[in-house]
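Chemist: Below you will find the structure I want to go over with you.
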Amino acid sequence: MALLQISEPGQSTNPHEHRLAAGIDLGTTNSLIASVKSGLAETLPDEQGNHSLPSVVRYCENEIIVGEAAKLAAADDPLNTISSVKRYMGRGLNDIKELGGRRPYEFADGDSAVPRIHTVAGDVSPVEVSSEILKSLKERAEASLGGTLSGVVITVPAYFDDAQRQATKDAGKLAGLNVLRLLNEPTAAAVAYGLDKQAEGVIAVYDLGGGTFDISILRLNKGVFEVMATAGDTALGGDDFDYAIAKWIMDEAGIHDDTSHHQMRRLMRDACAAKEALTSADVAALNIELDNGTSWHGELTRELFNQLISPLIQKTLLPCRRALRDAGVDTTEVQSVVMVGGSTRVPHVRDKVAAFFQQQPLTDINPDTVVAMGAAIQADILAGNKADGDLLLLDVIPLSLGLETMGGLVEKVISRNTTIPVARAQDFTTFKDGQTAMSIHALQGERELVSDCRSLGRFALHGIPPMVAGAARIRVTFQVDADGLLSVTAREETTGVESGIEVKPSYGLTDTEIETMLRDSIEHAEDDVASRMLREQQVEAERVLEALEAALADDGDLLSAAERNEIELVAKKLIELSKGSDVRAIKDGISALDKSATEFVARRMDGNIKKALAGHNVNEF
């Protein structure tokens, strides 16, 4: 049945102008789609009345099954039934191996950095699997709303890097969706929560889903949602709770690590059921079917369950501390803590979060649907349906962006926690005389040296006019759009020649890299500053020595043998000093060389002036 739009006179768009838009919460465990109906956001059910769609896809020889039916077949057909695929989005094979735990899939061998999962229907990538989930949600929405979707907003974890965001956007495109924007999940929750509760002030959004964790510190004020800081872990969630229970069962029942894929699927299914039961019960009975036809019986108490998952919950509190520090606030300034994600239903999670923030978290909003509802509100605005749609969202980038300069140093162009969309430009110049090209290397991270940061991409700028070193002006612009995707351009100002790239790496950061990049930047801050100062002096020494060598080659006849020998001895000493690690000694060596060459520089200048005046008189000038 088509949706009938009813509004106050003069406050509605014309019927033919109203665009159908939806918000999609593409989750690790479950996904939802929501839309604004009669001014209120609500999730859309399927024909059976189910609002939640299990994020599971089963590949058969002649058909693809998505949702509950696929989930039920997981234990019987584990190699062809893909779940928790969100964990693999934007990752390489090496990254997936570092996620930990045994994965009941067969990854295809190949040279591609993008992993492909082997199924009876052929090898599929995580992007293709996600697109099947999105197609199913699209069909549900169009059947419910009675028309074609004009656009959608898809939510992603705030800590998704560029590769993971791009993979999500590609999945939407493959599903035939017009992706209006990617929206951070905590921000989407704040949209729904802020509009419903008229909240103002500092709010912490604790988002623990099936496979990812995010903490965002937001400031809400008169419709403006500003993300002050974010942190998280892209490979931590309720799936890890299930795996902890499954591992305990394996130890208790004597199941070995090399057990069958079918056994692993049954274990994960039963572990998840026990976890959900312990949300309201004190004891969960276990009846585990074994491969040899027998069964193992036992029980898991809530107390033991709490012990099993405590280390995992503790891992979520470390990013919480970091986000508070980055935002410049402490727990006493946080007015409310919003709980998002199905895993926040676990009582021990709520207790730990309450103790950390020294207040009871808000749990009156359905943690499973709030993200989709917030995305729907934003989609409705972006589709142009809301005349007063002045809601402003200010997300931030999680890690600094910069480029490589001489000496393997990183020059930061956009600092971490800068609100997006954003564009920043910085001017650079050439290092050598006659340089006609420049290599641009874009990087992500907080450290001072290229070797300690993550490479995002490289490109070359050609056509620079040959000039003396330092004369050319190359403006490098970093632009991050509303989806958090980066483009880098370089332009030589005198000629207008330009080059650039859109950063679309084939796979993203591992969770180890994400977690350690910020921690290392703090732990090695003093060492990094010292390393940068050393490399800067070494680069300056190299520049001075190259300039001297070129000058001696052109005008060495202006010096006597003794004078030249004296300058060369000082230069030789500087070469030796620049190989060491004494910053002050290198700096003094550069000063000594400048001093010894002062007379030579003066003679060169006089000679060049005489050449310029030859054949002319003063009146001509």
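The values are calculated or read from the model by the stated rules, or taken from the named source; none is laboratory data. These numbers come from a predicted model, not from an experiment. SASA here: full protein model, heavy atoms, side chains in, ligands and nucleic acids out. Shrake-Rupley method; radii C 1.70, N 1.55, O 1.52, S 1.80 Å.
Chemist: Under 8 Å for C-alpha pairs, at least 6 residues apart: give me the relative contact order for the range 242-344, rounded to a whole percent.
Modeler: Values: 69 pairs, mean separation 19.7, N = 103.
Relative contact order of the range 242-344: 19 percent.
Chemist: Here's a follow-up. Rounded to the nearest 10 Å², what accessible area does Tyr243 have for a 1.4 Å probe in the complete protein model?
Modeler: 80
Chemist: Under the rule of at least 5 residues apart or a separate chain, name every residue whose amide H is placed under 5 Å from the amide H of Ile117.
Modeler: Hits under the 5 Å cutoff: Ala108, Val124, Ser125.
Chemist: Going down the list Lys412/Lys573; Lys275/Lys315; Lys86/Lys412, which pairs span over 28 Å between their C-alpha atoms? Walk me through the numbers on the way to the answer.
Modeler: Details: Lys412/Lys573 33 Å; Lys275/Lys315 19 Å; Lys86/Lys412 30 Å.
With Cα atoms farther than 28 Å apart: Lys412/Lys573; Lys86/Lys412.
Chemist: Sticking with this structure for a sec: In the range 556-595, what percent of the accessible surface is made up of carbon and sulfur (1.4 Å probe, ligands and nucleic acids excluded)? Intermediate values should be presented prior to the final figure.
Modeler: Working: 1410 of 2670 Å².
Carbon and sulfur together cover 53 percent of it.
Chemist: For the range 232-246, take each phi angle, set θ = phi - 60°, evaluate the Karplus expression 6.51 cos²θ - 1.76 cosθ + 1.60, and give the result in whole Hz per residue in order, putting x for glycine and proline.
Modeler: Ordered by residue, 3J(HN,Hα) equals x, 9, 7, 9, 8, x, x, 4, 6, 4, 4, 5, 5, 5, 4 Hz.
Chemist: Need one word for the range 138-213: rounded, prolate or oblate. Basis is the Cα gyration tensor (sqrt eigenvalues a ≥ b ≥ c); a/c below 1.5 gives rounded, then a/b vs b/c decides.
Modeler: Numbers: a/c = 2.42, a/b = 1.35, b/c = 1.79.
Cα axes put the range 138-213 in the oblate bin.
Chemist: Summarise the accessible area of the range 116-248 (1.4 Å probe, protein heavy atoms) by the percent that is carbon and sulfur.
Modeler: Numbers: 1600 of 3570 Å².
With neighbouring chains kept in place, the figure for the range 116-248 is 45 percent.
Chemist: Can you tell me, using C-alpha contacts under 8 Å and at least 6 residues apart, the relative contact order of the range 318-472 as a whole percent? Provide the component values of the computation, followed by the final result.
Modeler: Working: 203 pairs, mean separation 23.9, N = 155.
Relative contact order here is 15 percent.
Chemist: Would you please classify the overall shape of the range 344-466 from the alpha carbon gyration tensor, given that a ≥ b ≥ c denote the square roots of the eigenvalues, rounded means a/c under 1.5, and beyond that prolate means a/b larger than b/c while oblate covers the rest? Please list the in-between numbers first.
Modeler: Details: a/c = 4.05, a/b = 1.93, b/c = 2.11.
Here the range 344-466 falls in the oblate category.
Chemist: Which sequence of Thr29, Thr81, Thr494 reflects their accessible areas, 1.4 Å probe, from the largest down? Provide the component values of the computation, followed by the final result.
Modeler: On the way: Thr29 55, Thr81 0, Thr494 95 Å².
From most accessible down to least: Thr494, Thr29, Thr81.
Chemist: On to the next question. Can you list residues from other chains, or at least 5 along the same chain, whose modelled amide H is less than 5 Å from the amide H of Met228?
Modeler: Ile217, Leu218, Arg219
Chemist: 5 Å is the cut-off here: which amide hydrogens, built 1.01 Å from N in the peptide plane, fall below it relative to Thr369, excluding neighbours closer than 5 in sequence?
Modeler: Hits under the 5 Å cutoff: none.
Chemist: Leaving out ligands, DNA and RNA, what percent of the accessible area of the range 445-502 is carbon and sulfur, probe 1.4 Å?
Modeler: Numbers: 1230 of 2590 Å².
Summing carbon and sulfur atoms, their accessible area is 47 percent of the total for the range 445-502.
Chemist: Related question: Hey, what's the range 186-296 come to in accessible area per residue, 1.4 Å probe, Å²? Don't skip to the end; give the middle numbers.
Modeler: Details: 4080 Å² over 111 residues.
Here the residues of the range 186-296 average 37 Å² of exposed surface.
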